[in-house]
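The values are calculated or read from the model by the stated rules, or taken from the named source; none is laboratory data. Just so we're clear, the structure is a prediction, and the values are computed from it rather than from any experiment. Positions of Cβ are backbone-derived with ideal geometry, glycine not excepted, and every protein chain shown enters the neighbour counts. Side chains are part of the model used for accessible areas, which takes the heavy atoms of the whole protein and leaves out ligands, DNA and RNA. Shrake-Rupley method; radii C 1.70, N 1.55, O 1.52, S 1.80 Å.
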Number of protein chains: 2
Amino acid sequence: MGDGKSGLQLRSLIKGSGELEISLVDVPTPEPAEDEVVVRVEATPINPSDLGLLVGAADMRTVKASGTRQSPVITAKVPEVAMPAMAGRLDQSMPVGNEGAGVVIKTGSSDAAKALMGRTVAMIGGAMYAQYRTLKLRECLPLAAGTTPAEGASCFVNPLTALGMTETMRREGHKALVHTAAASNLGQMLNRICLKDGIPLVNIVRSKERADILRKIGAKHVVDSTAPTFLNDLSNALAETGATIAFDAIGGGKLAGDILSCMEAAINKTAKEYSRYGSNVHKQVYVYGSLDTRPIELPRGFGMAWGVGGWLLSPFLQKIGPAEGAKLRQRVVDELKTTFASHYTRVVSLQEALDPANLAVYAKRATGEKFLINPNKNG
Amino acid sequence: MGDGKSGLQLRSLIKGSGELEISLVDVPTPEPAEDEVVVRVEATPINPSDLGLLVGAADMRTVKASGTRQSPVITAKVPEVAMPAMAGRLDQSMPVGNEGAGVVIKTGSSDAAKALMGRTVAMIGGAMYAQYRTLKLRECLPLAAGTTPAEGASCFVNPLTALGMTETMRREGHKALVHTAAASNLGQMLNRICLKDGIPLVNIVRSKERADILRKIGAKHVVDSTAPTFLNDLSNALAETGATIAFDAIGGGKLAGDILSCMEAAINKTAKEYSRYGSNVHKQVYVYGSLDTRPIELPRGFGMAWGVGGWLLSPFLQKIGPAEGAKLRQRVVDELKTTFASHYTRVVSLQEALDPANLAVYAKRATGEKFLINPNKNG
C-alpha cells in the first residue's frame, strides 16, 4: 500500500470514434476539507448499476486487451446505433463505482471528521474503483467494530434498494409485493427483509433452479415464468398475497403487462360488482432494471386503475428526506451480517477487474456471479 | 310527454350465448326520497365513455334490427375471444347513459329538494338514457336561468375531464401539457380552458384536417402524427412549451412511448450534465381512452424518471375531495355557454338511437360526430 498521496483510479472513456476504453490512471488524492475524510478503499462491488457506466453500450464480443500487467487497457466497439445514447458522456474520462468500504487514513479539521480516524466506513458517491477516495462525512457510514470492509462494501445500493421497495409499498398503500429476477443478490436480500417484517412477497424467477434457490432460503411464493402454468400460478399467488405492486428488473417484453393482468384477475376473483372500467384497485409496476432491453408491451385488459413507471433509488431517497433515509441506513448497519449480508464469488484487484476473462463473467449480469474489487490488493 | 309515473329506459344486455341486445323497457319511476328529485330527462349525450357499456365488445358489422317502431330492438354478436372480458355483466339488463339534463318535476320532502322544483338541472350518475330519472340532490347541478337542457347535457364528463387534466397537471408539478386525439369535442374544450388560463398545450392530431380545426380555434401548438416530421415537430413543441405530462385518448401502439422519448429529447436539449439514467425530470403519460385497442409499446430510451398509467375522472374527483370538486363544477356552470359549450351533430329520440343507421355513425367514435338523445322527443 502507498502513502495515500496518490493512487490508481479506474476510468471509462467512450470516444467520439465509437471506441470504449477502460484504463487505470494515477491521480493525486485531494486534501480533505474540514468536513471530509480520506479513505483507503479496500472493497467495492461490481453492481449491475455500475456496469452501465463501466461498459456503456459497448459490444462485449469486441473486447481487446492491451497495456501492461500493472497498467492494463481494455477497448471495445460501441455499435453505431447505440452512439446517440452515449452523446452525453463522449470523450470524458469517467471514474466508476457507486459504493465501497475502507479505512479512514486522514481527516479534515472538524471534530466529526477527526472522530472517524482509523475507522472502517462504508461509502457512497461514485469513483469508488480507486485506491483512495476523499469524500464528505455524509457520504460515509461508520461501521460497527469488528466489521470488515468486505462485509461493509455493499451497504447502500442493494440494501437501500430492497428497503426502498418495501417502503414504497407501504407509502403507496399496498400490503404485499411482487419482485422479478427474484433470485438475484438483491432478490434474496428482499426475501430476508420480507420474512423478517412479515410482508407477503411473490417471487418471479426464470428457471426451476432459481426457484429452488429461493425456496431454500424460506421464500413461500415462487413462480417460474418459464412454466406453462405461469399465468395461472401468478394469479393464484397474487390472490393469496393480495399483492398490487411489483418491482421489475426485467423491463422489456410482456412481463410487466402479465403482472398487471394477473393482479386484475386476482382482484376480480373477489369482486362483487361489474365495472366496465375494470376494478378500482390501483395496480402498479415499477421498472428498476433493463435485463431485457426490448420495448415494454402492455395489453389493455386490466382496467384503468394502473401505473407503470421507472424507479430509482436516488429520487426515492430524495423524496423521503434525510431523516427517513438515516433510519434505513441505521437498519442496514444493525443487520449488516444477517439481513443485508452480501456474498461475492470472486475478489479481484483493479488490474484483475480489467482482465478480459473476468470482464466476460461480470458483464453478463448473471444471477449468482458477483465480483468485489479490492483496489489495494496487489494486482 | 307522460305523467312521469313510468317511462322508457334504454337497456343493454349481453347474453351468455354471446348476443348483445339493446332495447327499450317501460319502468316505473321510483318515488323520490327526502333528499331526491325526479327529473324529466330532455338531453343526454352519447359520449365515448357510454359506448363501452352500450355496445360492449359486440361486432358492429353484425347489427340486426327487430321489434317495432315504438319498441325497436338491436342485436349483434360478441366475438368469442371478447366474451371473458364481458363476464362481469353477463345476463344483466343494464341501464346506460352517464350524464344528462332535464327539468325537475317532483321532489322529496327536504327544503333543498323542494327548492329545485321546476328548475333545469344537469345530472350525473348513470341510467340517463331514460324518460325519467330519480336521483339524489348531490347528483344534480342546478343550471343558471335561461340555460336549456341541451346546453346543460354535457356538464360533467367532458368539462370535468378537461378540468381534471389541467388540475392534475398543476397538482403533479407540471407547467404545460400534451393531449392526443386533440380535435375531439373534449380536445377543443381543453384548448379553450388552456387559452383562457394561459397553459401551454401541445395538441397531437391524426390528420391535417384536424390540425386545421384546432388552429382555427386559436391552438398554438398542433402536431400531426401522420406527418413524416412528426417526432421532430413534437420534440420542438415540447421544448417550446416545457410540457412533461400528457393525456392520451389513443392508448395502443407507439404513441405514448413516442411522447416520452420526445419529452426526454426536449429536456436533454438544455441538459448540463451526463446521467446514465437519463434526465431526472419526471415524464408522465396518462392514458384515459382506448381508441387504439392494441397493446401499448414503450421503448426504453427515455431514462428512469417516467410513468404511464390509466386516468379516469371518478377516482380523480375522489382524490381531490368534494370541496375542490364543487369548485370545478361551479366553473362549468359559470362558463357553460363559452368555455364548456358542447356541439352536437344530431338530436335523436330513444327509438332513433336504436336505428342501425344512427348506431353505425355514433359507434365509430369519429371526431366531429356527436349525438344527443332527447328521451322525451317523440320517436
message: Just to check your reading of the model, which residue among A:303, A:321, A:310 is crowded, with 18+ Cβ neighbours inside 10 Å and on the phi > 0 side of the Ramachandran plot?
response: A:303
- request: Go through segment B:328-359 residue by residue and tally those that are farther than 22 Å from residue B:130 by Cβ, open to solvent by 50 Å² or more (accessible area, probe 1.4 Å) and β-branched (Val, Ile, Thr).
  value: 2
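Pick from A:106, A:136: which is basic (Lys, Arg) and surrounded by fewer than 18 Cβ atoms within 10 Å (Cβ to Cβ)?
On the way: A:106 fails: surrounded by fewer than 18 Cβ atoms within 10 Å (Cβ to Cβ).
A:136 is the lone residue from the list that is basic (Lys, Arg) and surrounded by fewer than 18 Cβ atoms within 10 Å (Cβ to Cβ).
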Sole exception among (1) surrounded by 24 or more Cβ atoms within 10 Å (Cβ to Cβ); (2) under 17 Å from residue B:158 (Cβ atoms); (3) not charged (D, E, K, R) for residue B:193, by number: (1)
task: Return yes or no: is residue B:56 crowded, with 19+ Cβ neighbours inside 10 Å, without any contact (Cβ under 8 Å) to a residue 60 or more places away in the chain and not charged (D, E, K, R)?
output: yes
- prompt: What number of residues within segment B:311-329 satisfy the criterion of being farther than 25 Å from residue B:219 by Cβ, assigned to a helix (DSSP H, G or I) and within 14 Å of chain A (Cβ to nearest Cβ)?
  reply: 5
message: Cβ-Cβ under 6 Å, sequence separation 6+ or interchain: first residue in segment B:336-362 and farther than 29 Å from residue B:217 by Cα, partner open to solvent by 50 Å² or more (accessible area, probe 1.4 Å). Which pairs?
response: B:349/B:377; B:356/B:65
query: What residue, of A:229, A:244, is at pLDDT 95 or above, β-branched (Val, Ile, Thr) and within 19 Å of residue A:210 (Cβ to Cβ)?
result: A:229
message: Going by what's in this entry, would residue A:45 be described as modelled with pLDDT of 95 or more and either open to solvent by less than 10 Å² (accessible area, probe 1.4 Å) or of a type in the set (Lys, Arg) (or both)?
response: yes
message: With within 19 Å of residue B:139 (Cβ to Cβ), modelled with pLDDT of 95 or more and open to solvent by 30 Å² or more (accessible area, probe 1.4 Å) as the only criterion, which of B:112, B:65 stands out?
response: B:112
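For segment A:116-130, which positions are out of contact with any Ser or Thr (no Cβ under 8 Å at 6 or more places or on another chain) and open to solvent by 40 Å² or more (accessible area, probe 1.4 Å)?
So the first thing to find is which residues in segment A:116-130 are out of contact with any Ser or Thr (no Cβ under 8 Å at 6 or more places or on another chain), and the list is A:118-119, A:121-127, A:130.
Those that are out of contact with any Ser or Thr (no Cβ under 8 Å at 6 or more places or on another chain) and open to solvent by 40 Å² or more (accessible area, probe 1.4 Å): A:118, A:119, A:124, A:125.
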message: Checking residue B:288 against (1) touching a residue at least 60 places away in the same chain (Cβ under 8 Å); (2) open to solvent by less than 40 Å² (accessible area, probe 1.4 Å); (3) hydroxyl-bearing (Ser, Thr, Tyr): exactly one of these is not met. Which one?
response: (2)
- line: Exactly one of B:99, B:19 is under 20 Å from residue B:355 (Cβ atoms), surrounded by 14 or more Cβ atoms within 10 Å (Cβ to Cβ), modelled with pLDDT of 95 or more and acidic (Asp, Glu), and that one is B:19
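Only one residue in A:199, A:213, A:217 is β-branched (Val, Ile, Thr) and open to solvent by less than 50 Å² (accessible area, probe 1.4 Å), so which one is that? Step through it out loud before you land on a result.
Working: A:213 fails: open to solvent by less than 50 Å² (accessible area, probe 1.4 Å); A:217 fails: open to solvent by less than 50 Å² (accessible area, probe 1.4 Å).
Only one candidate qualifies: A:199.
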- prompt: Which pairs do you get when a residue that is within 14 Å of chain A (Cβ to nearest Cβ) and over 17 Å from residue B:279 (Cα atoms), found in segment B:232-255, comes within reach of a residue that is open to solvent by 20 Å² or more (accessible area, probe 1.4 Å) and among the hydrophobic types (A, V, I, L, M, F, W, C), reach meaning Cβ atoms under 6 angstrom, with the pair 6+ apart or on two chains?
  reply: B:249/B:291; B:250/B:291
- request: List the number of the failed condition for residue A:293; all other conditions in (1) open to solvent by less than 30 Å² (accessible area, probe 1.4 Å); (2) among the β-branched types (Val, Ile, Thr); (3) within 14 Å of chain B (Cβ to nearest Cβ) hold.
  value: (1)
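Looking at segment A:268-284, can you tell me whether even one residue there is away from chain B (no Cβ under 14 Å) and of a type in the set (A, V, I, L, M, F, W, C)? Spell out how you get there, then give the answer.
If we filter segment A:268-284 for residues that are away from chain B (no Cβ under 14 Å), which is where we start, we get none.
No, every residue in segment A:268-284 fails to be away from chain B (no Cβ under 14 Å) and of a type in the set (A, V, I, L, M, F, W, C).
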Residues being surrounded by fewer than 24 Cβ atoms within 10 Å (Cβ to Cβ) and at pLDDT below 95 - total across segment B:157-183: 1
field: Every pair of residues 6+ apart whose Cβ atoms lie under 9 Å, when the first sits in segment A:72-94 and is within 12 Å of chain B (Cβ to nearest Cβ) while the second is among the β-branched types (Val, Ile, Thr)
entry: A:86/A:14; A:86/A:78; A:89/A:14; A:90/A:14; A:91/A:14; A:92/A:14; A:94/A:14
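Counting residues that are among the small types (Gly, Ala, Ser), which strands (runs of 3 or more DSSP E) fully inside segment B:66-151 reach at least 1? Step through it out loud before you land on a result.
Values: elements: B:72-77, B:99-107, B:120-124, B:132-136, B:140-142.
In segment B:66-151, B:72-77, B:99-107, B:120-124 are the strands (runs of 3 or more DSSP E) which contain 1 or more residues that are among the small types (Gly, Ala, Ser).
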task: Out of B:285, B:332, B:308, B:281, report the one residue that is in a helix (DSSP H, G or I) and not aromatic (Phe, Trp, Tyr).
output: B:332
field: Flag if residue B:261 is surrounded by 20 or more Cβ atoms within 10 Å (Cβ to Cβ), more than 8 Å from every other protein chain (Cβ to nearest Cβ) and either outside any helix (DSSP H, G or I) or in contact with a strand residue (DSSP E or B) (Cβ under 7 Å, 6 or more places away or on another chain) (or both)
entry: no
